[in-house]
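Shown next, in structure tokens, is the structure this report addresses.
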Amino acid sequence: MKIFKKDSENFLSEFAKFLKNEGFIFQSNEIYGGLNGFYDFGPLGVLMKINLKNLWLEDVVFKEKNIYLLDSSLINSEKIFEASGHLENFYDNLIECYDCHLRFKEEEVKDKCPNCSSENISEPKKFNLMFKTQIGALGDQTGYLRPETAQGIFVNFLNVLNSTRAKLPFGIASLGKSFRNEINPRHFIFRLREFEQMELEFFTKPSESDYWFDYWLEKRFKWYLNLGIKEENIKKVEVPKEELPHYSKRNVDIYYKFSFGFQEIEGLANRTDYDLKKHSEFSGKDLRYFDPDSKEKYFPYVIEPSCGVERVIFAFLFDAFDVDSLNGSERIVLRLNPKIAPIKVAVFPLLSNKKELVEMAKQIYEELRTKFVTVYDESGSIGRRYRRQDEIGTPFCLTVDFDSLKNKDVTIRYRDSGFQERVPVKELEEFLKEKIK
Ligand code: ATP
């Protein structure tokens, strides 16, 4: 693999090529010329996605009390978005260049076209970011692909409340695809037209919403740090009052420092009682909560931490990417937290032409592969095999050598330092469990 560095000017395109070659992320519809704003996840990328989603579920749902899961439909009736305000407000201002015909978000344009520098540009035009579709054989019903998972949660508020008999405070979490017809998708997988969101709507008494906002902000921020994002690359940014969305009392975004600057990877919002009130008004259903303590009915406030799976993966991959020198040669290494790394363990025989080494290595591989995502590799020199695993972030490589045959042990080689130690075969499972947990 060609070495390229983070500070190089064309880092992003090199990184995209690298992630394609390794089987993480592919341009969608590539053989037909590609579809802008859409990406597919390859064998390693999918494993990473699964790991991150599980880690989010663990943090937001399973380690918490009173959080319920919901999986709601991707296509929804126009009425939902009328009520939520998306039909009226989910717009970006679009500016078109009359010379090169590219289109940009208004914020990206300063008097001239960012692509060809022409001053022959349009006035800003309102552009709704929702994908519209026609439902049914006659196509007489208009539907929209959801631009966030949140509305599915609000319209199911009563269903979840009644079926779980939940009491405030409680949350409903959803994880699934969202769609936004972004004017200018870019920066690799940063801004997509189809992406997955992980969202929690946490319902509280209005008077307790500030407390829960801080609780979730701190918790989510720590999640990134605990999983290895470097402190200097992540920060919280308070959204100024005048820039708050129409439904929000307070917004704080979590920003990550990409090569193209600090950018939002997760947003936290106090959505107040806006959505439940609107859906009550538009549907005619009473979505208030009956408080058994005060015997009052009221609309709860909602705290929402929301992030995009692909953006979060991008931040973790970007943060983990490193080039260093080990035993006198340069290598690319993805220093991913073992919990996030797609492959946890690689097993090698020192030499592929020594039958006893191959047999013992294959036996170890067979035992480990049902417990951890494990690969077996016997091709090329042992040094090349280590490098291949370093590049895809595999934290542990196990090698079976001649001493292994006598001592029933293997060398474990650590990805980050190259340090090696011997571990008895019968202790391997416990040893790896301890390192990966
Ligand atoms: P932006 O300002 O970048 O368009 P936003 O403030 O509209 O984002 P939210 O509506 O707060 O984003 O969405 C919550 C999260 O969903 C974002 O922090 C991001 O991680 C993810 N997200 C939103 N839009 C996209 C997109 N087009 N592609 C990938 N992820 C996205």
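The values are calculated or read from the model by the stated rules, or taken from the named source; none is laboratory data. All values reported here derive from a predicted model rather than from experimental measurement. A quick note on method: Cβ atoms are made from the backbone with ideal geometry, for glycine too, and the neighbour counts reach across all protein chains shown. These area figures cover heavy atoms from the full protein model, side chains too; ligands, DNA and RNA do not enter into them. Shrake-Rupley method; radii C 1.70, N 1.55, O 1.52, S 1.80 Å.
With a 10 Å cut-off between alpha carbons and a GNM built on the chain, which of S209, S306, S163 moves the most? Checking each option, the largest mean-square fluctuation is seen for S163. Spatially, the stretch 363-420 and the stretch 60-105 are offset by 45 Å when compared through their Cα centroids. Straight-line reach from K63: which aspartates and glutamates fall under 14 Å, measuring Cα to Cα and dropping same-chain residues less than 8 apart? Within the straight-line limit of under 14 Å, K63 reaches no aspartates and glutamates at all. What number comes out for the charge environment of F131, summing +1 per Lys or Arg and -1 per Asp or Glu over other residues with Cβ under 12 Å away? Spelling it out: positives minus negatives among the neighbours equals +3.
A probe of 1.4 angstrom, applied to the heavy atoms of all protein chains, finds L55 with accessible area near 20 square angstrom. Here the stretch 85-147 has 46 percent of its accessible surface on carbon and sulfur atoms, given a 1.4 Å probe and all protein chains in place. Counting only residues at least eight positions apart within a chain, or on another chain, the lysines with an alpha carbon under 21 Å from that of K110 are K125, K126.
Per residue, the chain exposes 48 Å² of solvent-accessible protein surface, assessed with a 1.4 angstrom probe and all protein chains in place. Please identify which residues in the stretch 177-209 have an amide N closer than 16 Å to a label point set 7 Å out from the Cα of H246, following the Cα→Cβ vector. The answer is none, because no backbone nitrogen lies closer than 16 Å to the label point. For D71, neighbours were defined as the other residues whose beta-carbon sits under 13 Å from its Cβ, and their charges (Lys and Arg +1, Asp and Glu -1) total +1. Estimated purely from DSSP H runs of n ≥ 4, each contributing -39500 (n - 2.57), the mean residue ellipticity at 222 nm for the chain is -9000 deg cm²/dmol once divided by its residues. Take the Cα of R186, go 7 Å toward its beta carbon, and the backbone nitrogen atoms of the stretch 1-26 under 19 Å from that spot belong to 8-17. Between L225 and E429, residue separation times 0.36 nm minus the direct Cα-Cα distance comes to 70.7 nm.
At a Cβ-Cβ separation cutoff of 4.7 angstrom, cysteine residues of the chain with no neighbouring cysteine are C307, C397.
Taking a 19 Å limit on the Cα-Cα distance, which of the listed pairs K339/K371; K177/K344; K236/K257 fall beyond it? From the list (K339/K371; K177/K344; K236/K257), the Cα-Cα distance tops 19 Å for K177/K344. What is the distance in Å between the Cα centroid of the stretch 281-295 and that of the stretch 302-318? What the calculation gives is 32 Å, centre to centre. With a 1.4 Å probe and every protein chain kept in, tell me what percent of the accessible surface of the stretch 1-68 is carbon plus sulfur. Summing carbon and sulfur atoms, their accessible area is 52 percent of the total for the stretch 1-68. Carbon-plus-sulfur accessible fraction, the stretch 233-361 (probe radius 1.4 Å, protein heavy atoms only): 47%. In the complete set of protein chains, residue-level accessible area for W212 is approximately 50 Å², probe 1.4 angstrom. Between rounded, prolate and oblate, where does the stretch 343-436 land on the alpha carbon gyration tensor, with a ≥ b ≥ c its root eigenvalues, rounded for a/c under 1.5, else prolate if a/b exceeds b/c? In terms of gyration-tensor shape, rounded.
H86 exposes around 20 Å² of accessible area when a 1.4 Å probe is run over every protein chain in place. When the charge dipole of the chain is built from unit charges on Cβ atoms (+1 for Lys and Arg, -1 for Asp and Glu) and taken about the Cα centre, the candidate among Y98, I172, I50 whose Cα reaches farthest toward its positive end is I50. Our estimate of slack between S163 and E296, defined as 0.36 nm per intervening residue step minus the Cα-Cα distance, is 45.8 nm. Extension gain, I31 to N93: 0.36 nm times the residue separation minus the Cα-Cα distance gives 19.1 nm. Using C-alpha pairs below 8 Å separated by at least 6 residues, the relative contact order for the stretch 1-107 is 11 percent. Which whole-angstrom value gives the distance between the alpha carbon centres of the stretch 162-199 and the stretch 227-262? If you average the Cα positions of each part, the centres end up 17 Å apart.
Rounded to the nearest 20, the Cβ-based charge dipole of the chain about its Cα centre (Lys and Arg +1, Asp and Glu -1) stands at 1020 debye.
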